[in-house]
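These notes concern the structure reproduced below.
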Amino acid sequence: MGHQSVCVGPDKRVPPKKTDPTSRSLQEADPTITSHRETYLQKTDPPGENDTFWAFFQPEISLRPVLTVRKDQRRRYPMIPHELCQPNLNFLGLPEELADPTTARVWVLPVPYEATTTYGAGTRNGPMAILSASRQVELYDHRHGCEPAESLGFATLPPMDITVSTPEAMINRLAAAVETVFFQPPSPELLVVLGGEHSISAGVARGLARVVDAGGLVCVQVDAHADLRDEFEGSPFNHACAARRIAEVCPVFQIGIRNISKEEAEFCPTASNIQTFFREQWGPSGVNALRDFVSGKTVYLTIDLDGLDPSIMPAVGTPEPGGLLWHELLEIIRTIAEAAARIPVMDVVELAPIPGMIAPDFLAAKLIYWAAADLLLPRCDPDRRG
Ligand SMILES: [Mn+2]
C-alpha cells in the first residue's frame with residue numbers, strides 16, 4: 001500500500017505567514033509550554049525507536065504517548081483517566097501494517113481537551129471512548145463493497161498533551177500540530193481530530209489556514225449551537241465561540257443549528273462569511289447550497305456530535321432536542337465528498353461518554369470510519385447505498 005499524499009500537495013503549501021499573530025512560537029504564546037520531545041525520546045523504551053514517527057512534529061509540540069506510557073508516568077496527566085489507557089489501542093484495532101503513519105492515508109489524532117465545558121462534563125473521555133468502540137466496527141462497508149480500512153489504513157497518533165495554562169495555548173498548540181502535519185511530509189490525506197470540546201476546532205482552522213491557499217479553505221460545521229459568541233465566560237476561546245474563531249480564518253457553513261443567543265442572532269446577518277441553516281430549514285435546498293459552498297474548495301469538516309438528535313446521540317455535554325439523524329449526516333458527508341476538491345481534516349468533538357451506554361460511542365466510531373470511506377474512496381459507486 002503506497003502512501004499517496006494528494007490532500008494538500010506541495011504546491012498548495014505556503015510558509016507560515018510572518019504577520020499572522022497566531023504563528024507566534026508556542027513559548028511566546030504560553031511561556032509554560034516547553035519542549036517535551038527530547039524528554040519523551042529519552043524516556044521511550046527502547047530509546048529512539050519512534051524517531052521517524054516523532055520527526056513529523058515540530059519539537060515544541062508535545063504529543064504524549066499515552067498508549068505506551070509507563071504506569072509511573074501516568075500521574076503527570078491527570079486529565080486522562082488511567083483506566084482508559086490500554087496498550088496498543090488504535091482506531092479500529094487494525095494490525096500494525098494498516099496502522100503505520102508512514103503509509104496510512106488517514107491519521108487519527110486524539111485531543112482529550114476539556115476546560116471550558118459549561119454543562120455536562122466528560123468530553124475529556126471522548127477520544128478514548130471512540131477508540132475503544134471503534135474496535136467493534138465492522139470493517140466491511142457494504143456501500144462500497146470492500147473493507148475501506150484495507151485500502152486506506154488508519155494510523156492513530158498518541159493523544160496530544162493537553163496540559164496547558166489557557167485555552168488559547170491549547171489552540172495555538174493544535175494549530176501548530178495541524179500545520180506541521182500538512183507542511184512536512186509524509187502527510188495523511190485525511191486527518192481526523194477526536195475531541196475533546198469544540199474549542200479545539202479554532203486551532204484546527206488556524207493551522208489549516210496556514211497551509212491552504214488563501215481563499216481556498218472553507219469550513220462546514222454540523223452543530224446544534226451557532227457557537228458565534230465573541231467571547232464567553234471571559235474567554236474568546238470558549239467552546240461557545242468556536243465558529244466565531246473559525247470564521248476569522250475562513251467562511252463557515254452551519255448545519256443543524258437550533259440553539260442561538262440574541263447576540264449571535266444579531267451578529268449572523270452582519271457576517272458575510274457565515275451561512276447558518278437552522279435545523280428546521282435543512283432539506284434539499286440546504287443540500288444544494290452546501291454543494292455550491294464546498295464546490296472546488298478545500299473543506300474542513302467539523303462535527304459537533306450535539307448536531308445529531310439526542311435520541312441517537314445523548315452523550316454530549318449540551319444536548320438539544322430536534323437534531324439531525326444518522327442518514328441526514330451521511331448525506332451531508334457524501335455531498336461534501338462529491339463536490340469538494342479535498343477534505344484534509346475532519347474533527348468529531350464533544351462526545352461525553354455515558355458510563356454503561358455504548359451506542360453513542362459506537363455511533364461516533366462508525367461515523368468516522370464511514371466518513372473516511374466516503375471522503376477518500378472513489379465517488380462514483382452506483383451501488384452505493386446510504
Ligand atoms: Mn454544540
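The residues on offer are Glu266, Glu231, and the sole one that is of a type in the set (D, E, K, R), more than 12 Å from the ligand (Cβ to nearest atom) and within 21 Å of Gly196 (Cα to Cα) is Glu231.
Somewhere in segment 321-328, is a residue more than 16 Å from the ligand (Cβ to nearest atom), part of a loop (DSSP other than H, G, I, E, B), open to solvent by 20 Å² or more (accessible area, probe 1.4 Å) and more than 22 Å from Val204 (Cα to Cα)? Working first, answer last.
Residues of segment 321-328 that are more than 16 Å from the ligand (Cβ to nearest atom), as a first pass: 325-328.
Still in the list and also part of a loop (DSSP other than H, G, I, E, B): 325.
Retained after the next criterion (residues that are open to solvent by 20 Å² or more (accessible area, probe 1.4 Å)): 325.
Keeping just the survivors that are more than 22 Å from Val204 (Cα to Cα) gives 325.
Yes, there is a match, as at least one residue in segment 321-328 is more than 16 Å from the ligand (Cβ to nearest atom), part of a loop (DSSP other than H, G, I, E, B), open to solvent by 20 Å² or more (accessible area, probe 1.4 Å) and more than 22 Å from Val204 (Cα to Cα).
For segment 294-318, a residue qualifies if it is in contact (Cβ under 8 Å) with a residue 40 or more places away in the chain, open to solvent by 10 Å² or more (accessible area, probe 1.4 Å) and within 16 Å of the ligand (Cβ to nearest atom), and the qualifying residues are Ile312, Pro314, Val316, Thr318.
Residues that are free of Cβ contacts under 8 Å to residues at least 24 places away in the same chain and either surrounded by 23 or more Cβ atoms within 10 Å (Cβ to Cβ) or part of a strand (DSSP E or B) (or both) within segment 202-237 are absent altogether.
Exactly one residue among Arg291, Arg334 is part of a helix (DSSP H, G or I), more than 16 Å from the ligand (Cβ to nearest atom) and over 18 Å from the mean Cα position of the chain (by Cα), and that residue is Arg291.
When the criteria are applied in full, Val222 meets the requirement of being under 18 Å from the mean Cα position of the chain (by Cα), closer than 28 Å to Thr298 by Cβ and either at pLDDT below 95 or near the ligand (Cβ under 10 Å from one of its atoms) (or both).
The values are calculated or read from the model by the stated rules, or taken from the named source; none is laboratory data. Keep in mind that this is a model prediction, so the values were computed, not measured. With ideal geometry, Cβ positions are generated from the backbone for all residues, glycine too; neighbour counts draw on all protein chains shown. Please note that ligands, DNA and RNA were not included when accessible areas were found on the heavy atoms of the full protein model with its side chains. Shrake-Rupley method; radii C 1.70, N 1.55, O 1.52, S 1.80 Å.
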